[in-house]
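Have a look at the structure below, then the notes.
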Amino acid sequence: MKKINVITIDGPSASGKGALSRRVAHNFGFDILDSGLLYRLFGHFINLKFDSEEIVNKIKNEITFSLKNEIINVFFQDINITNNLRTEKIAKVASKMSSKSAVRESLFNIQRNFYIETGLVADGRDMGTVVFKDAKLKIFLTASPEIRAKRRYLELQNLGQEVNMLDLIADIKERDLKDSSRKLSPLIPDDEAHIIDSSDMSLEEVFSLTENLVKKEFI
Ligand code: DC
């Protein structure tokens, strides 16, 4: 299989994929795809009572992404809706939508279209196993549910959202189970993936490990 200039970073929620992806993209001048945001957009528009066809058209034609200071913002008709998407409520709808084959299929080409030859970092659950099977480098980033809940807690607090730690741990465990046991594109590492457990590692340490892998494959 011909390999393309993509680094896939898959793993469970709040494993640090987002922060690592943004750091890698920034450092190597690659573009970025946060595929979770596409599923969150699907959930957001389902809540607003749009049907699947309308949602796909909206994502294709009316949504833009911007990466600034290692933060991804999502705009709908020029309105920044990022904070509406990064809530636990939307995460739950997104998780439900992501188990539907029609939803996954409709997002496949949208995700592939993010590819550019100068390089793409693709963050998600099935980037290395399904969407970018032909990626040059695959990483599977994980961490214990408790550590991930703590990270998500701080992240949501920074966004000004009040959350309960025990509820978060329970939500994360439930979502892990759903994401990894679903029939379609379950959350599992690809055979070619480098597995990194970041439970006892800082972002800097994870980045340094990843940096070495990128240099080996791309430079
Ligand atoms: O990474 P996230 O928390 O923003 O993802 C939101 C939901 O979308 C998550 O429950 C799983 C789903 N998802 C998926 O099924 N496949 C992807 N490639 C990315 C996300």
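Quick note: the coordinates plus some simple rules give every number you see, no bench work behind them. Keep in mind the model is a prediction, meaning the values are calculated, not measured. Cβ coordinates were reconstructed from backbone atoms using ideal geometry, including for glycine residues, and neighbour counts include every protein chain displayed.
From the Cα gyration tensor of the chain, with a ≥ b ≥ c the square roots of its eigenvalues, which class applies: rounded if a/c is under 1.5, or else prolate if a/b is larger than b/c, or else oblate?
Numbers: a/c = 1.39, a/b = 1.12, b/c = 1.24.
Rounded, because the longest to shortest axis ratio a/c is under 1.5.
Looking at the chain, send over the antiparallel percent of its DSSP beta bridges, to the nearest 5.
Numbers: 8 of 26 bridges.
The answer is about 30 percent antiparallel.
With 10 angstrom as the radius, rank MET165, MET1, MET201 by how many other C-beta atoms surround their C-beta, starting from the fewest. List each step's numbers first, then the result.
Details: MET165 12, MET1 5, MET201 17.
Going from sparsest to densest Cβ surroundings: MET1, MET165, MET201.
Work out the charge dipole of region 78-219 with +1 on the Cβ of Lys and Arg and -1 on the Cβ of Asp and Glu about the Cα centre, then indicate which of SER202, PRO145, ALA170 is farthest towards its positive end.
The residue sitting farthest along the positive end of the dipole is ALA170.
Just LEU203, LEU67, LEU48 to compare: in a GNM of the chain, with alpha carbon springs under 10 Å, which one fluctuates most?
Highest fluctuation among the options: LEU48.
Tabulate in residue order the Karplus-calculated ³J(HN,Hα) for region 94-108, using 6.51 cos²θ - 1.76 cosθ + 1.60 with θ = phi - 60°, rounded to whole Hz; enter x for Gly and Pro.
Once rounded to whole Hz, the list reads 4, 4, 5, 5, 6, 8, 8, 5, 4, 5, 4, 5, 5, 8, 4.
Expressed in nm to one decimal, what extension gain is obtained for the pair SER99 and LEU159 from 0.36 nm per residue of sequence separation less their Cα-Cα distance?
On the way: separation 60, 0.36 × 60 = 21.60 nm, distance 2.74 nm.
Taking SER99 through LEU159 to full extension adds about 18.9 nm, to one decimal.
Quick one: if you stick a label point 7 Å off each Cα along the C-beta vector at LYS136 and GLU54, how many nm between them?
Result: 4.3 nm between the two label points.
FRET efficiency for LEU213 and GLU70, Cβ-Cβ distance as r, R0 = 25 Å, nearest 0.05? Working shown, then result.
Numbers: r = 20 Å, r/R0 = 0.79.
Working from the Cβ atoms, E equals 0.80.
If you place +1 on the Cβ of every Lys and Arg, -1 on the Cβ of every Asp and Glu, and leave all else neutral, what size is the dipole of the chain about its Cα centre, to the nearest 20 Debye?
On the way: 32 positive and 32 negative charges, 75 e Å.
The calculation lands at about 360 debye.
Would you mind telling me which residue in GLY124, GLY11, GLY29 has the biggest mean-square fluctuation in a Gaussian network model of the chain, where springs connect alpha carbons within a distance under 10 angstrom?
GLY29
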